[in-house]
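Student: Dumping the structure here so I can ask a few things about it.
Laboratory data are not the source of any read-out in this text; all were calculated from the coordinates shown. Quantities reported herein were computed from a predicted structural model and do not represent experimental measurements.
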Amino acid sequence: MLLSIENLRKCYGTPDGSVLTVIDVPAFSLDAGQQVALCGTSGSGKTTFLNLIAGILLPDEGRIELDGCSVSETSEAGRDRLRARTIGYIFQTFNLLQGYTCIENVLLGMSFGPGADRRWASELLERVGLGRRLDHFPRQLSTGQQQRVAVARALANRPKLVLADEPTGNLDPASAAESLGLVRETCRENGAALLLVSHDRKVLGQFDNVRDLADINRAAAGPSAGEAKP
């Protein structure tokens, strides 16, 4: 088992002094190579759930074990190392470095893992349709093209787990299908698991395993559930 979660809980304080429980997951797991799509209502905690798995946020309670390591009990530096060697994260907001070119953004992501490989970085950017824009800066790209750079960067270190937060949300239908196909194919080639969040029914329809967050998250099923941004 690649990912195992037990009794995971994350809460936030609200302006009126009450406590809002965003994540309350008794159990969740992923095997190596498994591909799961996660759906749910807006504000139900999907992004928070991914950020907890990645170690970007720490839970208030519970245990997250990834590739034999306890994410929730590891130091910040240890979580950074674990994330670099194990996780590829496709952020909804891209998180590209504006002062670096397309290929530099991908190479920089590699530098935190096994090391920069310009040939592999170029191949990934070629496969997402940016082979002629390796030296373009994010500001010189459309929103959809920036999303493709983010996809290439997330796959660059051949991660064991890919977390994808609405990875096709800013792409036209043809580009969305191409990018999703690349993500899933690369995961299969490398035996990586994929946990993808999406509202798009066409995207969800391509997965055999679709989970509604409300089915695994007691907080998401509650009437007062919501998602507080970190």
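Student: Can you give me the long-range amide H partners of residue 8? Hydrogens built in the peptide plane at 1.01 Å from N, cutoff under 5 Å, separation of 5 or more residues or another chain.
Tutor: 25, 63
Student: Cα centroids of the stretch 1-29 and the stretch 87-162: how far apart, whole angstrom?
Tutor: When both Cα centres are located, 31 Å separates them.
Student: State the antiparallel share, in %, of DSSP beta bridges confined to the stretch 3-221, rounding to the nearest 5.
Tutor: Numbers: 17 of 33 bridges.
Taking every DSSP beta bridge within the stretch 3-221, about 50 percent pair in antiparallel fashion.
Student: Another question, if that's okay. Between helix 173-190 and the chain, what is the angle of the helix's C-alpha long axis to the longest principal axis, kept within 0 to 90° and rounded to the nearest 10?
Tutor: Helix 173-190 sits roughly 80 degrees off the main axis of the chain.
Student: Just need the relative contact order of the chain here, percent rounded to a whole number, with Cα pairs under 8 Å and 6+ apart.
Tutor: Working: 457 pairs, mean separation 68.5, N = 230.
RCO, the chain: 30 percent.
Student: If you don't mind, there's one more thing I want to ask. Tilt of helix 118-127 relative to the longest C-alpha principal axis of the chain, in degrees (0 to 90, nearest 10)?
Tutor: With both axes taken from Cα atoms, the answer is about 80 degrees.
Student: Once both axes come from the Cα atoms, what is the angle between helix 102-111 and the longest principal axis of the chain, in degrees from 0 to 90, rounded to 10?
Tutor: Result, in degrees: 60.
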